[in-house]
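Report on one structure; see the data block that follows.
None of the figures in this text is laboratory data; all of them are computed from the coordinates on show. Computed from a predicted model, the values in this text were never measured in an experiment. In this analysis, Cβ positions are derived from the backbone assuming ideal geometry, glycine residues included, and neighbour counts consider all displayed protein chains.
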């Protein structure tokens, strides 16, 4: 019996004290057919097109001073997040990206490495970011404090944004689904239509949130050069 509405998102399936829910992170690989790796099919062409579009966009955001191959880090993050978000839409599959355990674990080391690289190699450039251009002299100390706080909460906002957006839609689907048994037969059709529309919305959110996470990570990294 569900004692708490949010307990539907708890990783509670265990085998030999090992949480099986987190194995959903790797289930996306099962969706890729074997021929994807062997022959250039339509799926392969679409996939390469997506990778190239993401590469060009991330390269533009990173600028000309970035290291070669940097974009593939953020493309990998986008693909991982997107697969995990989509896997959570299937019944009885644990949504790993709805938990801060995963999102914060990715966001914090990434942000920390950006900051470490920037402050060690481009110290003056990092100090410039603390005082926006055109700030009056009287407000400079105040702006440094605000910019420092906003910089430090970035990994938290990245993690919370992804987890909150994923859990909100799933929670709404769960709430509507639980009302089904107690509804009149005349209203069941409206419930099904509503659930289908919510699933379409969640499919869009799954892709958008993966894109937002990777784009913001790219923007944070571009500030350290």
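Considering segment 54-101, what Rg and Dmax in Å follow from its alpha-carbon atoms?
Radius of gyration, then largest Cα-Cα span, for segment 54-101: 14.4, 45 Å.
Sort the following peptides by mean Cβ neighbour count (other Cβ atoms within 10 Å, averaged over residues), highest first: 147-159, 204-216, 182-194, 60-72.
In decreasing order of mean packing, 147-159, 204-216, 182-194, 60-72 become 204-216, 147-159, 60-72, 182-194.
Give, in nm to one decimal, the length gained when the segment between residue 60 and residue 124 is fully stretched (0.36 nm per residue of separation minus the Cα-Cα distance).
20.7 nm
Starting with the fewest neighbours, write out 146, 77 ranked by other beta-carbon atoms found within 10 Å of each beta-carbon.
Lowest count first: 146, 77.
If you build a Gaussian network model of the chain, linking Cα atoms that sit under 10 Å apart, which residue out of 87, 196, 100 swings the most?
Judging by the Gaussian network model, the answer is 196.
Normalized C-alpha radius of gyration of segment 83-163, against 2.2 N^0.38 Å?
1.50
How much length would be gained if the chain were fully extended between residue 41 and residue 168, taking 0.36 nm per residue of separation minus their Cα-Cα distance, in nm to one decimal?
Gain on extension, residue 41 to residue 168, equals 42.1 nm.
Quick one: angle between helix 154-178 and the longest Cα principal axis of the chain, in degrees between 0 and 90, rounded to 10, please.
Helix 154-178 sits roughly 10 degrees off the main axis of the chain.
Please work out how much length the chain gains when fully extended from residue 223 to residue 131, using 0.36 nm per residue of separation minus the C-alpha to C-alpha distance, in nm with one decimal.
Stretched out fully, the residue 223 to residue 131 stretch lengthens by 31.8 nm.
Please determine, in degrees from 0 to 90 and to the nearest 10, the orientation of helix 185-222 with respect to the longest principal axis defined by the Cα atoms of the chain, where the helix direction is its Cα long axis.
The angle comes out near 20 degrees.
Which whole-number percent gives the relative contact order of the chain, counting Cα pairs below 8 Å spaced six or more residues apart?
Once normalised by length, the contact order is 30 percent.
Percent of Cα-Cα pairs per 10 Å bin, from 0 to the last occupied bin, for the chain, please list those.
Final binned percentages: 7, 25, 29, 22, 12, 5, 1.
Distance in nm between label sites at residue 148 and residue 175, each 7 Å beyond Cα in the beta-carbon direction?
Taking the simple label geometry, residue 148 and residue 175 are separated by 4.1 nm.
Calculate for the chain the 222 nm mean residue ellipticity that helices alone would give, adding -39,500 (n - 2.57) per DSSP H run of length 4 or more and normalising by residue count, nearest 500 deg cm²/dmol.
Computed ellipticity for the chain at 222 nm equals -22500 deg cm²/dmol.
What residue among 171, 108, 31 shows peak mean-square fluctuation when the chain is described by a Gaussian network model with Cα springs under 10 Å?
Judging by the Gaussian network model, the answer is 31.
Would you mind calculating the relative contact order of segment 66-181 from Cα pairs under 8 angstrom and at least 6 residues apart, reporting the percent as a whole number?
Relative contact order of segment 66-181: 30 percent.
Counting alpha carbon pairs within less than 8 Å and at least 6 residues apart, what relative contact order, in whole percent, applies to segment 115-222?
Dividing the mean separation by the residue count of segment 115-222 yields 22 percent.
Mind checking the angle between helix 140-152 and the chain's longest principal axis? C-alpha axes, 0 to 90 degrees, to the nearest 10.
For helix 140-152, the angle is close to 40 degrees.
Among 25, 135, 95, whose mean-square fluctuation peaks in a Gaussian network model of the chain (Cα, cutoff 10 Å)?
135
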